[in-house]
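Worksheet: the structure to be examined is printed underneath.
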Amino acid sequence: MSKKILFVCVENAGRSQMAEGFFRKYAPTGYEPYSAGTKPTGAINPLAIQAMKESGIDITIQTPKTITDSMIREASKVINMGCMDRESCPALFVKNVFDWAIEDPKGKPLEDVRKIRDTIEKRVQELCKTL
């Protein structure tokens with residue numbers, strides 16, 4: 001049985017989806033990623049999809065999901081990507097969460113989304129070295 005790493009944010013449309021995609025690429029054997037949000041949107045941010053494709057990762061098959069108690073229980077680690085909406089911030093609902101405080105790409109131009117993507121990739125690579 002693999003260990004699960006859960007990446008969370010409010011909308012599950014950008015940061016957590018990118019982190020899931022990068023973790024799928026860099027994860028050590030025996031680990032699998034998933035992502036969720038407290039108020040997921042209907043679709044992944046198109047600029048996040050584009051920025052990830054530029055890095056050779058296709059996240060179009062991923063979908064925004066609502067975080068559940070079972071996801072939290074099953075996770076070996078829960079990573080909060082950061083919060084744009086303090087009232088719905090996953091860090092308020094999850095114990096022992098690691099908070100990366102990464103800027104939300106929502107409404108940002110592609111150049112900024114690329115910088116956020118690169119930060120997420122670096123953080124995921126650092127995480128994988130510790131597992």
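For region 59-80, the criterion of being at pLDDT below 95, under 12 Å from residue 17 (Cβ atoms) and open to solvent by 60 Å² or more (accessible area, probe 1.4 Å) is satisfied by at least one residue. Considering only region 56-78, state which residues are of a type in the set (Gly, Ala, Ser) and in contact with a Lys or Arg (Cβ under 6 Å, 6 or more places away or on another chain). Selection gives 75, 76. Residues that are in contact (Cβ under 8 Å) with a residue 12 or more places away in the chain and among the charged types (D, E, K, R) were ranked within region 21-57; the one that is most open to solvent (accessible area, probe 1.4 Å) is 24.
Filtering region 7-26 to residues that are part of a strand (DSSP E or B) and in contact with an Asp or Glu (Cβ under 8 Å, 6 or more places away or on another chain) leaves 7, 9. Taking first residues from region 110-131 that are closer than 19 Å to residue 50 by Cα and partners that are open to solvent by 70 Å² or more (accessible area, probe 1.4 Å), the Cβ contacts under 7 Å between residues at least 6 apart in sequence or on separate chains come to 110/50; 116/103.
In this structure, residue 72 does satisfy being touching a Leu at 6+ places or on another chain (Cβ under 8 Å) and either farther than 23 Å from residue 126 by Cα or touching a residue at least 12 places away in the same chain (Cβ under 8 Å) (or both).
The values are calculated or read from the model by the stated rules, or taken from the named source; none is laboratory data. Bear in mind the structure is a predicted one, so any value in this text is a computation, not a measurement. Cβ sites come from the backbone with ideal geometry, for glycine too, and all protein chains shown count toward neighbours. For accessibility, only protein heavy atoms count, side chains too; no ligands or nucleic acids. Shrake-Rupley method; radii C 1.70, N 1.55, O 1.52, S 1.80 Å.
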